[in-house]
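One structure is given here, and the rest of the page talks about it.
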Amino acid sequence: MDIHQILKQLPHRYPILLVDRVLEIEKGVRIKALKNVSINEPYFVGHFPHHPVMPGVLILEALAQAAALLAFDALGNAPDDQSVYYFAGIDGARFKRPVEPGDQLILDVELDRMRAGVFKFNAKAYVGGELATEAQLMCTVKAIAK
């Protein structure tokens, strides 16, 4: 799945779109996606000027976006203008190594379960084959109140 297909699935846009490409997807099981980390990212200006590091919350957001793509693929649809995909919880988040400009962040997410519109995922992010971040994510699709 290239960036054009991702843009059709996710409502996120620059600077918060954090998935550049889907490398593999196994319907209803797992997804492997890529985020190229560039020094041009706006958060590097302040995090940290003397030693730029990708904020952990943005790594978790990138994992959640990959999880959303997996969920939409499992359901066979994407949210429309009347719904939005939200975080419902994050458990066991661990940050094992910093993610720096020039890194390629590999997002590896497995669907653990899907019940009553709530999805639970086991998510890991790697740089150069080394674990950078891991967490269990819960997400849900909600209707937007009008």
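The values are calculated or read from the model by the stated rules, or taken from the named source; none is laboratory data. This is a predicted model, so every value here is computed, not measured. Glycine gets a Cβ as well: all are built from the backbone with ideal geometry, and neighbour counts include every protein chain shown.
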**Message:** Which of the numbered conditions does Phe72 fail, given that it passes all the others? Conditions: (1) within 20 Å of Leu7 (Cβ to Cβ); (2) out of contact with any Pro (no Cβ under 8 Å at 6 or more places or on another chain); (3) hydrophobic (A, V, I, L, M, F, W, C).
**Reply:** (2)
**Request:** Scan the stretch 1-16 for residues that are closer than 20 Å to Ile106 by Cβ and surrounded by 11 or more Cβ atoms within 10 Å (Cβ to Cβ) and report the count.
**Result:** 8
**Request:** Specify which of the listed residues (Asp108, Asp103) is within 19 Å of Ala123 (Cα to Cα), among the acidic types (Asp, Glu) and in contact with a Phe, Trp or Tyr (Cβ under 7 Å, 6 or more places away or on another chain).
**Result:** Asp108
**Complete:** When the stretch 98-132 is checked residue by residue, the ones that are among the polar types (S, T, N, Q) and touching a Leu at 6+ places or on another chain (Cβ under 7 Å) are Gln104
**Prompt:** In the stretch 36-49, which residues are assigned to a loop (DSSP other than H, G, I, E, B) and either β-branched (Val, Ile, Thr) or exposed (fewer than 13 other Cβ atoms within 10 Å of the Cβ) (or both)?
**Reply:** Val37, Ser38, Ile39, Asn40, Gly46, Phe48, Pro49
**Asked** Do the conditions hold for Thr140, that is, is it closer than 30 Å to Pro49 by Cβ and polar (S, T, N, Q)?
**Response** no
**Message:** Would you confirm, using the coordinates I've provided, whether Leu10 is modelled with pLDDT under 95 and within 11 Å of the chain's Cα centre (by Cα)?
**Reply:** yes
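Residue by residue, here is whether (1) touching a residue at least 24 places away in the same chain (Cβ under 8 Å); (2) within 14 Å of Val109 (Cβ to Cβ); (3) of a type in the set (A, V, I, L, M); (4) not in a helix (DSSP H, G or I) holds:
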site: Leu18; (1), (2), (3), (4): yes, yes, yes, yes
site: Leu34; (1), (2), (3), (4): yes, yes, yes, yes
site: Gln65; (1), (2), (3), (4): yes, yes, no, no
site: Asp91; (1), (2), (3), (4): yes, no, no, yes
**Item:** Leu58 being of a type outside the set (Asp, Glu), within 30 Å of Ala145 (Cα to Cα) and either at pLDDT 95 or above or in a loop (DSSP other than H, G, I, E, B) (or both)
**Value:** yes
**Fill in**
Apart from one, (1) modelled with pLDDT under 95; (2) in a loop (DSSP other than H, G, I, E, B) all hold for Tyr85; the odd one out is (2)
